[in-house]
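I have placed the structure first, in the form of structure tokens, so that the comments after it can refer back to it.
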């Protein structure tokens, strides 16, 4: 396939991502701009109307979403100059020279840099940079004809790489991000926003998902799946959007041992292993109640406790989700009757 065709397919994929990420509240299209200065325009589809159930003849109800006419206000449009790089999975350098005269100085004009992994055949990275900020931070070079070239450059050198790290966007959030820009009454503060930055999810989102996954698996008495990945093990799973969670463990007469793993977009990003002592049913019920009550704190490297009648749950952790360890215990009438040690952290490369 010709390079021009590949680039058009990549642009079409980005257009799809914008629509999907914004739940079709945005439309993106390629304008008729032969100069190539503006490659893509994004704007609101129109005022969103809540889903309405409509009855079809001889069938059940169906849900239909509608939109009013799109706004004519040009200030609600975002214009992009798109630059596409096609290369190996782990490039040493990504470099693009851009003529200064081809950059529009406007708060609604952005540069979009896309890296397409030709080995895996997918868009691996997208950088979104406001033109005003690009003019400030890009390296410049004067040519003999008095024209100026601005350089977008990502290398394996951390100092240079970090200059553009805050502009790296999780492609699944592309639509929501553009909605935020259009709806914002002031400029987006890139220095304060949390972007991909070599991680596939920020820690707060990850912590929220782990808490929710635990609430809906072991603590909720969810039955093990029929065909666990490891022979003789028990395995429970939970999934939400691009996150998925697996808890695989083995139980003996005195101890149980296992591991939790979180995947983001099918890539492992976080794991925790644990070793605990087997307990009687009454204590087990209290343990699960404690895990539900403290799902946002326990087994995450934090210190927390919960008491009920003669039982007391206690977790002495240290660290955070990036790297942590701890020990949880249950006491009955001040007697230590159960303990579990754990450790884990991020495994993103």
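The values are calculated or read from the model by the stated rules, or taken from the named source; none is laboratory data. Everything quoted here is computed from the prediction, not taken from an experiment. Virtual Cβ from ideal backbone geometry, glycine too; neighbours counted across all protein chains shown.
General observations
Each row is one residue, and each column tells you yes or no for (1) loosely packed, with under 13 Cβ neighbours inside 10 Å; (2) over 28 Å from residue 13 (Cβ atoms); (3) in contact with a helix residue (DSSP H, G or I) (Cβ under 6 Å, 6 or more places away or on another chain); (4) modelled with pLDDT of 85 or more.
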| residue | (1), (2), (3), (4) |
| --- | --- |
| 60 | yes, yes, no, no |
| 101 | yes, yes, no, yes |
| 109 | no, no, yes, yes |
| 135 | no, yes, no, yes |
| 147 | yes, yes, no, yes |
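- Filtering the stretch 151-161 for residues that are touching a helix residue (DSSP H, G or I) at 6+ places or on another chain (Cβ under 6 Å), buried (at least 17 other Cβ atoms within 10 Å of the Cβ), closer than 15 Å to residue 127 by Cβ and modelled with pLDDT under 85 leaves a non-empty set.
- Boolean, residue 173 is modelled with pLDDT of 80 or more, under 18 Å from the mean Cα position of the chain (by Cα) and either farther than 26 Å from residue 24 by Cα or assigned to a loop (DSSP other than H, G, I, E, B) (or both): no
- Only one entry of 232, 258 meets the criterion of being in the same structural domain as residue 326 (by TED's automatic domain parsing) and modelled with pLDDT of 95 or more, and that entry is 258.
- Any hit, the stretch 191-214, residues being modelled with pLDDT of 85 or more, assigned by TED's automatic domain parsing to the domain that holds residue 263 and touching a helix residue (DSSP H, G or I) at 6+ places or on another chain (Cβ under 9 Å): yes
Residue by residue, here is whether (1) surrounded by fewer than 19 Cβ atoms within 10 Å (Cβ to Cβ); (2) more than 30 Å from residue 123 (Cβ to Cβ) holds:
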| site | (1), (2) |
| --- | --- |
| 262 | no, no |
| 296 | yes, yes |
| 299 | no, yes |
| 327 | yes, yes |
| 331 | yes, yes |
| 341 | yes, yes |
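- When 309, 288, 281 are checked against the criterion of being at pLDDT below 95, surrounded by fewer than 16 Cβ atoms within 10 Å (Cβ to Cβ), touching a helix residue (DSSP H, G or I) at 6+ places or on another chain (Cβ under 6 Å) and assigned by TED's automatic domain parsing to the domain that holds residue 327, 288 stands alone in meeting it.
- Test: residue in the stretch 276-296 that is assigned to a strand (DSSP E or B) and either touching a residue at least 12 places away in the same chain (Cβ under 8 Å) or closer than 29 Å to residue 232 by Cα (or both): yes
- Some residue of the stretch 4-20 being closer than 24 Å to residue 172 by Cα, in a strand (DSSP E or B) and either out of contact with any helix residue (DSSP H, G or I) (no Cβ under 6 Å at 6 or more places or on another chain) or at pLDDT 85 or above (or both): no
- Residue 82 vs. criteria closer than 25 Å to residue 149 by Cβ, modelled with pLDDT of 85 or more and more than 27 Å from the chain's Cα centre (by Cα): no
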